[in-house]
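Asker: Following this message is one structure expressed as structure tokens.
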Amino acid sequence: MASVLSKLGIKPMEAGLTLTRAFDNGLILGPDDLRFDLTAYRKDITQAITNALGLSIETGYVTPESAPRIIGKGFREAMALATEAGYVTKDTIEFVLRRAVARQLSWSD
């Protein structure tokens with residue numbers, strides 16, 4: 001497409017529009033109302049994504065983005081529960097023994 005436009009002698013140009021006032025349902029917006037802070041907007045969007053992902057993880061709502069984190073959270077909670085209960089498997093033995101040693105040391109003080 002660009003080559004066809006070039007052959008026709010059509011060159012790109014930059015155009016802009018500067019709004020000084022806007023009218024919205026009887027409300028007149030001035031220049032300060034029309035300013036757009038891109039940095040703050042990006043920050044707000046990033047925070048919204050973080051909040052949505054956190055809510056998805058906490059409620060167990062599975063999405064492609066939350067699934068790995070939900071599985072990881074479930075694994076960590078299962079390991080903590082097994083360790084607390086003293087349930088010994090090849091995956092929990094180290095933690096169960098560490099907890100037992102720590103309890104023993106705290107009792108002997």
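Bear in mind that the values in this text are calculations on the coordinates, not laboratory data. All of these numbers come straight from a predicted model, not from anything done at the bench. Cβ sites come from the backbone with ideal geometry, for glycine too, and all protein chains shown count toward neighbours.
Asker: Pairs under 8 Å by beta carbon, first residue at negative phi in segment 52-73, partner loosely packed, with under 11 Cβ neighbours inside 10 Å and part of a loop (DSSP other than H, G, I, E, B), six or more apart or different chains?
Answerer: That search, which allows pairs on different chains as well, returns ILE70/GLY60.
Asker: Let me ask something else about it. For ILE45, which of the numbered conditions (1) touching a Lys or Arg at 6+ places or on another chain (Cβ under 8 Å); (2) over 30 Å from ILE93 (Cβ atoms) fails to hold?
Answerer: Looking at each condition in turn, ILE45 falls short on (1).
Asker: As an exercise: evaluate GLY86 against (1) more than 25 Å from the chain's Cα centre (by Cα); (2) at negative phi and give the number of the one condition it does not meet.
Answerer: Exception for GLY86: condition (2).
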